[in-house]
Amino acid sequence: MRGQVYAGIVCLFVLVFAHPARAGLFDDDLARKQIADQGRRIEAMKGQTDGLSTRLGKLEESLRGTQASQQSMLELVNQIESLRREIQNVRGQIEVVNNGVESNAKRQRDMYVDMDTRMRRLEQGAGAPAGSAPPAGMTPPLTAAPPAPMATAPPAAAPTAPAAPAGIPPSADETRSYEAAQHQRRLGNYKGAITAFQSFLGQFPRSSLAHRAQYWIGDSYFNLRDYRNAIASQQKLLAAHPDSASAPDAMLNVASAQSELGESANARKTMDTLVSRYPGSEAAQKARRRLTTMR
């Protein structure tokens, strides 16, 4: 009986103390489960955070690219504006140069017209003495061509019909033909002027304007930078009309063509001859000034 009581007491102890142990074990499992759940939630939130960080980085890169593009666009716009201003400046400079060219061309045409008028008055008068010539009206030097040897002595000219006396005025047909050729020259159509003056000489070889027509042929070749033909044409004039009022101008034109060809020695010799042969002409005065600068 006593043993049974003792066994009952032991069972009672087991029952009393076993219940808290099971409760403790149950509480530990629940805590671990909750901790595991929290860990999973933390991992999920960490993944979401990493995703958001990645998206944020991409947005920042895109924003920086956009800002760089905007800066590039702004620089491009500034460059375009700068180019527009430069173009406007260049256009203004071109306009100034064009106005200067037109003014120079007008002055040159006026000079030729004035010279022709005075020349024709002299040619139609009682006759002008050799050695006194009106303004030469020479074309200013152009760009020099490569030098080549050239003799200064005028070549032997083919026999030509004698010119009409200086006091005989040209006929109406002569005047029209001569003025038509002059019109082409004043327009700057030097090739057309050469053809027209040559046609005039073919029709009116004894005209009192023949020596002027021959001079303008040489001057037109000079303007075309055909310096060889310019020299040959003026030498033809000097051979056929050595005492005409055009002779000093022709010699100065020869010297200018020789200078453009690089024949400085020949040019000086031609101008020395001009000064000694026609000392009172305006062409001789120009030759003296040129000789001073060349020596």
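The values are calculated or read from the model by the stated rules, or taken from the named source; none is laboratory data. Just so we're clear, the structure is a prediction, and the values are computed from it rather than from any experiment. Neighbour counts are summed over all protein chains in view; Cβ atoms, including those assigned to glycine, are modelled from backbone coordinates with ideal geometry.
Below, the figures for the structure above:
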{"read-out": "Residue within the range 154-167 that is within 28 Å of Glu263 (Cα to Cα), under 39 Å from the mean Cα position of the chain (by Cα) and modelled with pLDDT under 90 present", "value": "no"}
{"read-out": "Count of residues meeting criterion [among the polar types (S, T, N, Q), touching a Ser or Thr at 6+ places or on another chain (Cβ under 7 Å) and in a helix (DSSP H, G or I)] in the range 248-295", "value": "3"}
{"read-out": "When residues of the range 197-244 are limited to those that are in contact (Cβ under 8 Å) with a residue 60 or more places away in the chain and in contact with an Asp or Glu (Cβ under 7 Å, 6 or more places away or on another chain), the one surrounded by the fewest Cβ atoms within 10 Å (Cβ to Cβ)", "value": "Ser208"}
{"read-out": "Subset of the range 222-241 that is assigned to a helix (DSSP H, G or I) and among the basic types (Lys, Arg) - its residue that is nearest to Leu201 (Cα to Cα)", "value": "Lys236"}
{"read-out": "Some residue of the range 286-293 being in contact with a Lys or Arg (Cβ under 7 Å, 6 or more places away or on another chain), surrounded by fewer than 24 Cβ atoms within 10 Å (Cβ to Cβ), more than 23 Å from Arg212 (Cα to Cα) and of a type in the set (A, V, I, L, M, F, W, C)", "value": "yes"}
{"read-out": "Where Ala265 falls short, out of the listed (1) in contact with a Phe, Trp or Tyr (Cβ under 6 Å, 6 or more places away or on another chain); (2) modelled with pLDDT under 95; (3) hydrophobic (A, V, I, L, M, F, W, C)", "value": "(1)"}
{"read-out": "Any pair with Cβ under 7 angstrom, 6 or more apart, that starts in the range 276-295 at a residue that is modelled with pLDDT under 90 and ends at one that is surrounded by fewer than 14 Cβ atoms within 10 Å (Cβ to Cβ) and polar (S, T, N, Q)", "value": "Met294/Ser264"}
